[in-house]
Structures are given as structure tokens and as C-alpha cells.
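What follows draws every value from the coordinates through simple rules; no lab data is involved. Owing to the predicted nature of the structure, the values given are computational and were not obtained by experimental measurement. Here the Cβ positions follow ideal geometry from the backbone for every residue, glycine too, while neighbour counts run over all protein chains shown.
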Amino acid sequence: MDLTIIEKIADKYHCEILYDEPMCNYNTMKVGGNAEALIKPCSIECLSEVIAQCNEQGIRYHVIGKGSNIIVSDEGISALIIVISDDLSRIELVDENTIECEAGASLSKVCSFAHKHSLTGLEFAWGIPGSVGGAVYMNAGAYDGEMSEVVLSCDQIDINGNISTIENEDMDFSYRHSCFFDTKAVVAVVRIKLKKGDKAAIKARMDDLLIRRKTRQPLEYPSSGSTFKRPKGSYASLLIEQCGLKGTSVGGAQVSEKHSGFIINKDGASCEDIKKLVDVVKERVNSRTGYILDCEMQILED
């Protein structure tokens, strides 16, 4: 993979390129081999140039955020990993009800910012790991809330590096889906429209949801959050538990005994352990209930 042009862009914007970089450090499941190369763009302009040149030069690449919904092959991946991280995490208030944030901002920091300014409507996202860009990409949600309900618009970067604004109604939001799955455009900036609320009530709601997460979810272990999408007419965790799979292990991977909707890295799991356990769960649930579970995690592999 010839990255000469990407190295020139990195030098222009003073961004570092890392080679043979361990991807276990870039996903919340803490698994995976090395990436051939990795870059962290430090501006929207840098990000757009990198994406444009990757497509023009035929360089294989993947764009990730905080890695809360991916796992990486044990053998690593022959691609350029573009990490939208802390260098693209600006958060500001653009009017009394609208927050504008770059895609690398963590959801937790955006929620804290909303609370600081007495803005309500984003409390459901408090405690969801990951970046705001990734949350928009997959229409993340919890506790009866989804990003589709609060996103006003986004600045997106298409495969040619062009930057444009897209409104909520054009984002094709549905359960764990947005238009970005299909267009391959990258979320660069997000605008979130909220309502004025009572600061104490907002904090109380956030505290309540965090307690519920800590009580019910295996936050003490590396995971990718809920492993499976909610099947129509039921819940993945309920089906998994009904099939006697709670606590089932493959290698170091386990269906959490605390919440069966989570597959956790309990004891030095490999990506292969996780993939095999996902297959075990899907096969048994399908054979015993007829439901087909769809995995939320994306697997980066050659």
C-alpha cells in the first residue's frame, strides 16, 4: 500500500501516521491485530483531503471513531485506519437550543455540555460509549431515545472529499441505521437541537440512567455494548436467555451473566473467540425460536 500522498497530507497538517499499529487499543472490546497504517486527522480539511486521496489513489481505508461498535481480526487489517478522535472534538453552542460538535466528540461530553447549558432531550445518551459521529452513523439509542430525534443536521464528507450539509429528514434514519451506511459519506460535524429544561431535573435523569446502566450492564468488562440488534417482536437478551445461553463461553469470550444481550471479553478473548460465540448464539436462537439475530458489531478484516 503506497501511502506517499497520505504522508504528504499528514505533513501538511502536522498529523502523525502510525504503522503496524495495534488495533486492540482502538476498540472497546480490546481485541484485534495490527493495522498496516493509522492516521488521526486534526481538522475537517485534513480529513476531507485524506478521504479524497484514498478514493482517488485506490487506498483501502476504514473510518472509525472510539471503536465502541467494531472488532478487528486477530490477523490485523491491510488498510489505512482513519481515526476521528480528540483532535476533532470541538463542542459549542450556536444558539440557545442548538449544540454543534465535531464528530470525534464523545457522547458523554456532549451530554455534559447539554446539562451545563440546561438543555434537555439528550439524557438517553448519557453513558453510551462512543463518539457523536458514530452515534449518528448508527442512529444510536437507549431508554426510549434515539439520535434521530435530536439531530438537526450534519456536515458530511463524500468519497471525493466534498463537504456538504445534510438535514435530518434526508438522513434515512431507522433502527440502528442512517443514510451513511449506503452513501459511504463520513459524518464530520453534528448539530443537535434540544429544549430548555430544568438543570437539576436533567442531572437527576442522567444519574438515574447511569445507575441503571451500572446495575444492569457488565461495564466492568470490555465489550461493544449490546451485541445484537433488537429483533422485531422480541428482545435479543430475552431470546438468548430463554435459550439457556447466559454465561456461555468460547475461549475468553462470554455471554454476560449480568446481561445476556452483551458478549464480553472476560478473559483475554480473541476476535475469533467472539466471532465463534456470536455464531453459537445466532444458531441456537434461530433453531429454537425461529428468530434471526443481526449482529450490531462490525468486523474489520481482510
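With 23 Å as the limit, write out which pairs from Lys30/Lys275; Lys214/Lys246; Lys196/Lys229; Lys116/Lys196 have Cα-Cα distances beyond it, or answer none.
Numbers: Lys30/Lys275 14 Å; Lys214/Lys246 18 Å; Lys196/Lys229 32 Å; Lys116/Lys196 11 Å.
In this structure, Lys196/Lys229 lie more than 23 Å apart at Cα.
Evaluate the charge dipole of the range 236-300 about its Cα centre and quote only its size in Debye, nearest 20, assuming +1 on the Cβ of each Lys and Arg and -1 on the Cβ of each Asp and Glu.
140
Determine the sum of side-chain charges near His117: Lys and Arg each +1, Asp and Glu each -1, restricted to other residues whose C-beta is under 10 angstrom from that of His117. Show your work: numbers first, answer last.
Details: positive: Lys116, Lys196, Lys199; negative: Glu96.
Surrounding charge for His117 is +2.
What is the packing order of peptides 150-163, 40-53, taking the mean over residues of other C-beta atoms within 10 Å and listing the highest first?
Details: 150-163: 18.5, 40-53: 20.6.
Highest-to-lowest ranking by the protection proxy: 40-53, 150-163.
About its Cα centre, how strong a charge dipole does the range 134-216 have in debye, to the nearest 20, once Lys and Arg get +1 and Asp and Glu get -1 at the Cβ? Write out the running numbers ahead of the final one.
Working: 13 positive and 13 negative charges, 143 e Å.
The calculated dipole for the range 134-216 is roughly 680 debye.
In whole percent, what relative contact order does the range 89-216 give with Cα contacts below 8 Å and a gap of six or more residues? Display every interim value, and only then the final one.
Working: 244 pairs, mean separation 39.4, N = 128.
Here the relative contact order equals 31 percent.
Report which label in [x] 55, 51, 31; [y] 66, 40, 36; [z] 50, 50, 39 holds the value of Cα extents along the principal axes in Å derived from the coordinates of this structure.
Here Cα extents along the principal axes in Å agrees with entry [x].
Can you sort Asp273, Asp279 so the residue with the fewest Cβ neighbours within 10 Å comes first?
Working: Asp273 22, Asp279 12.
Arranged by neighbour count, lowest to highest, Asp273, Asp279 become Asp279, Asp273.
In the range 202-228, whose amide N lies under 18 Å from the spot 7 Å out along Cα-to-Cβ of Glu257? List them in ranges.
Under 18 Å, as judged by backbone N against the label point of Glu257, lie 215-223 of the range 202-228.
Along the charge dipole of the range 236-300, which of Gly244, Leu300, Val255 sits closest to the positive end, that is, farthest toward it, with unit charges on the beta carbon of Lys, Arg, Asp and Glu (+1, +1, -1, -1)?
Ranked along the dipole, the leading option is Gly244.
Only Lys, Arg, Asp and Glu count, each charged at its Cβ (+1, +1, -1, -1), so figure out the dipole size of the chain about its Cα centre, rounded to 20 debye. Don't skip to the end; give the middle numbers.
Working: 33 positive and 45 negative charges, 312 e Å.
Result for the chain is approximately 1500 debye, rounded to the nearest 20.
Which FRET efficiency value, to the nearest 0.05, is calculated for Asn55 and Thr289 with the Förster distance at 30 angstrom and r the Cβ-Cβ distance? Mind dumping the intermediate values first?
Details: r = 42 Å, r/R0 = 1.42.
Between Asn55 and Thr289 the formula returns 0.10.
Towards the positive end of the charge dipole of the range 1-128, with charges on Cβ (+1 Lys, Arg; -1 Asp, Glu), say which of Ile82, Gly33, Cys15 has the farthest Cα.
Highest projection toward the positive end goes to Gly33.
Between Ile163 and Leu238, what is the label-point separation in nm under the 7 Å Cα-to-beta-carbon projection?
The two pseudo-label positions are separated by 4.6 nm.
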